[in-house]
Amino acid sequence: MDTTDVVIAGAGPTGLMLACELRLAGIEVTVVDRLPARTGESRAGGIHARTMEIFDQRGMLDPLIARGRRIASGHFAGLPLDFTDLDTRYPFTLAVLQSVIEEELDIRAVAAGASIRWNAPVTGIRQDADGVDVEIGGARTIRAAYLVGCDGGRGAVRTLTGIDFAGTDATMTGMIADVELSHPPEGPVFGRRRGAGDYSIIQFEPGWYRLMLQRYDRALDRGAAPDFEDFRARFVEIADSDPGMHSPRWVTQFGDAARHAERYRHGRVFVAGDAAHIHFPAGGQGLNLGVQDAVNLGWKLAAAVRGRAPEGLLDSYESERYPVAARVLHNTRAQTALSRPGPHTDALRDMVASFLDTDEVRRQLASMITALDIRYETGGAHPSTGYRVPDADLRVGGTDSRVHVLLRTGRSILLCHKWIPDIAGWEDRVDVIETHDRAGTRSATGSGGVGTPAAVLVRPDGYVAWAGDGPGDGGLTEALTRWFGPAA
Ligand SMILES: Cc1cc2nc3c(=O)[nH]c(=O)nc-3n(C[C@H](O)[C@H](O)[C@H](O)COP(=O)(O)OP(=O)(O)OC[C@H]3O[C@@H](n4cnc5c(N)ncnc54)[C@H](O)[C@@H]3O)c2cc1C
């Protein structure tokens with residue numbers, strides 16, 4: 001029987017990101033996928049600011065920026081949301097195909113030492129007090145300390161573990177075709193609402209366009225796999241014309257079913273990404289959610305494998321990530337409702353659009369879609385705790401740096417700006433870094449609306465576990481113990 005520390009079912013973006021995180025922490029990992037090889041399907045069309053920050057925290061962003069296109073906005077139910085004044089280094093949507101993201105993550109995971117096995121479906125799971133036996137294709141077994149199901153909405157791990165996936169069924173059908181156009185519209189993004197539904201055309205890459213349509217008069221027929229001519233016929237039904245579509249790369253259809261795993265953990269088995277939550281791809285949030293699940297779970301699982309996870313650490317994965325996904329399911333349902341055809345929805349859209357003219361409202365919605373506003377219950381009294389740490393410019397040891405670069409080790413850091421607290425007994429798990437201002441550059445103001453604290457304890461996933469404004473500021477020992485266990 002093969003053995004490893006963690007088996008990850010599914011080599012999609014969630015599974016690959018988790019593999020990268022575990023390898024960064026030195027954990028042995030085997031990724032198994034039921035497919036014979038990567039499909040290369042385009043799928044998701046972009047990532048948002050928080051995911052870009054997370055990739056930056058691991059030094060993985062540059063190749064994606066190089067292969068993507070910056071769009072200064074996002075949308076809510078098709079209503080444009082300007083991102084340019086968001087408090088991040090990445091105030092834009094990065095239009096980059098999921099196939100490209102998977103390719104880059106795959107390269108990174110393999111280079112870091114992850115083993116990826118194709119033609120390897122999970123078909124059975126048996127867990128006991130010490131580990132889990134993962135049956136592959138009914139023939140082989142891999143023994144691991146933990147199993148994580150990153151095997152998508154119809155994956156086996158959640159089902160085999162008996163975790164319920166309750167929610168709402170599809171009420172409508174969306175279709176996508178990635179094509180070339182003989183008569184493209186003006187501008188990079190074009191959309192129209194019509195009687196039976198709506199359609200949009202986005203220029204994706206030079207010469208390539210993503211055509212999307214949504215129709216509300218029929219729910220998704222799961223049995224039907226559309227081909228390009230089906231797509232063309234449906235598109236013309238709604239748009240009344242064909243912009244000369246040809247040379248399809250990918251055609252698909254999807255519905256607005258929204259389901260959420262009742263639990264993210266059953267003993268030694270976890271679910272993450274689409275295996276834990278599915279929803280309509282409105283606003284482009286699903287892949288982002290999965291990557292962020294992986295980064296939340298990775299360091300906690302690594303601590304557990306090493307036998308150093310404090311009480312409750314593994315359960316904090318669900319308590320932190322479940323509400324984030326619930327909110328996405330909620331906002332995508334709202335977006336579907338706000339997209340239906342008819343004069344009542346038209347009136348509602350006009351009103352919502354006028355609210356979005358108010359900067360504060362627009363920024364609030366944009367911060368939610370981009371996941372920049374997430375705040376976990378990390379404890380601690382300082383107003384910055386629980387938020388993502390802003391990527392401030394700093395000087396460290398006489399060299400220019402910035403916070404996200406300091407997080408690339410995948411370890412927790414204690415940034416000491418004006419005061420170096422004593423953390424004797426935790427130096428093996430937390431790196432103490434003395435920092436100085438970099439004159440005239442980006443400061444550490446941001447999430448939580450506070451200035452640079454004297455010292456900040458940042459978890460490996462980039463969230464503030466504790467912050468203090470000077471000696472005597474209490475709670476640091478509690479925070480270190482809560483997140484990293486007792487002093488050595
Ligand atoms: C048309 C469309 C457009 C989208 N646009 C966006 C967007 O713009 N932005 C965004 O953020 N999200 C978008 N999404 C959502 C995004 O594609 C998903 O959220 C994302 O793929 C989830 O990644 P995942 O790794 O969790 O699951 P998946 O990508 O589904 O990967 C699961 C993997 O598990 C494997 N698997 C399945 N069963 C087993 C088994 N029994 N054993 C082993 N392996 C198994 C599968 O082969 C697959 O490789 C879109 C989705 C669709 C359909």
Looking across segment 76-127 at residues that are of a type in the set (S, T, Y) and either in contact with a Ser or Thr (Cβ under 6 Å, 6 or more places away or on another chain) or in a loop (DSSP other than H, G, I, E, B) (or both), the single one that is most open to solvent (accessible area, probe 1.4 Å) is T84
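Look through L211, L147, L220 and report the one residue that is outside the structural domain of L301 (by TED's automatic domain parsing) and at pLDDT 95 or above.
Step by step, each of L211, L147, L220 is checked, and only L211 is outside the structural domain of L301 (by TED's automatic domain parsing) and at pLDDT 95 or above.
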Within segment 247-264, the count of residues that are open to solvent by 50 Å² or more (accessible area, probe 1.4 Å) and within 16 Å of the ligand (Cβ to nearest atom) comes to 3
G244 surrounded by fewer than 19 Cβ atoms within 10 Å (Cβ to Cβ) and in contact with a strand residue (DSSP E or B) (Cβ under 8 Å, 6 or more places away or on another chain)
yes
Pair list, Cβ under 8 Å, 6 or more apart: segment 37-60 residue under 13 Å from G74 (Cβ atoms), other residue open to solvent by less than 30 Å² (accessible area, probe 1.4 Å) and among the basic types (K, R):
G45/R210; R50/R388
Subset of segment 142-158, residues away from the ligand (no atom under 14 Å from the Cβ) and surrounded by fewer than 18 Cβ atoms within 10 Å (Cβ to Cβ), comes to R143
Among I423, I413, which is the only one that is in contact with a helix residue (DSSP H, G or I) (Cβ under 6 Å, 6 or more places away or on another chain), assigned by TED's automatic domain parsing to the domain that holds L476 and crowded, with 16+ Cβ neighbours inside 10 Å?
I413
Taking segment 165-191 and the residues there that are away from the ligand (no atom under 13 Å from the Cβ) and touching a Lys or Arg at 6+ places or on another chain (Cβ under 8 Å), the one that is nearest to E135 (Cα to Cα) would be F165
All but one of (1) open to solvent by 30 Å² or more (accessible area, probe 1.4 Å); (2) away from the ligand (no atom under 12 Å from the Cβ) hold for W299, so report the exception by its number.
(1)
Matching entry among Y209, Y216 (being within 30 Å of R349 (Cβ to Cβ), more than 16 Å from the ligand (Cβ to nearest atom) and buried (at least 17 other Cβ atoms within 10 Å of the Cβ)):
Y216
From Q335, Q285, residue being within 16 Å of the ligand (Cβ to nearest atom) and either modelled with pLDDT under 95 or surrounded by 24 or more Cβ atoms within 10 Å (Cβ to Cβ) (or both):
Q285
Of the residues in segment 37-74, those that are near the ligand (Cβ under 8 Å from one of its atoms), under 25 Å from R363 (Cα atoms) and either open to solvent by 10 Å² or more (accessible area, probe 1.4 Å) or part of a loop (DSSP other than H, G, I, E, B) (or both) come to A44, G45, G46, H48
Reported set for segment 6-24 where residues are within 18 Å of Q98 (Cβ to Cβ) and more than 10 Å from the ligand (Cβ to nearest atom) is A19, C20
The one condition P226 fails out of (1) at pLDDT 95 or above; (2) over 25 Å from the mean Cα position of the chain (by Cα); (3) not basic (K, R) is (1)
So is D133 among the charged types (D, E, K, R), away from the ligand (no atom under 11 Å from the Cβ) and open to solvent by less than 40 Å² (accessible area, probe 1.4 Å) or not?
yes
Residues (crowded, with 21+ Cβ neighbours inside 10 Å and in contact with a Phe, Trp or Tyr (Cβ under 6 Å, 6 or more places away or on another chain)) located in segment 159-178:
G174, M175, A177, D178
Within segment 25-36, does at least one residue satisfy the condition of being more than 11 Å from the ligand (Cβ to nearest atom), part of a loop (DSSP other than H, G, I, E, B) and in contact with a strand residue (DSSP E or B) (Cβ under 7 Å, 6 or more places away or on another chain)?
yes
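The values are calculated or read from the model by the stated rules, or taken from the named source; none is laboratory data. Fair warning: this is a prediction, and the values are worked out from it, not measured in the lab. Virtual Cβ from ideal backbone geometry, glycine too; neighbours counted across all protein chains shown. Just so you know, the surface numbers come from the protein's heavy atoms only, side chains and all, with ligands and any DNA or RNA stripped out. Shrake-Rupley method; radii C 1.70, N 1.55, O 1.52, S 1.80 Å.
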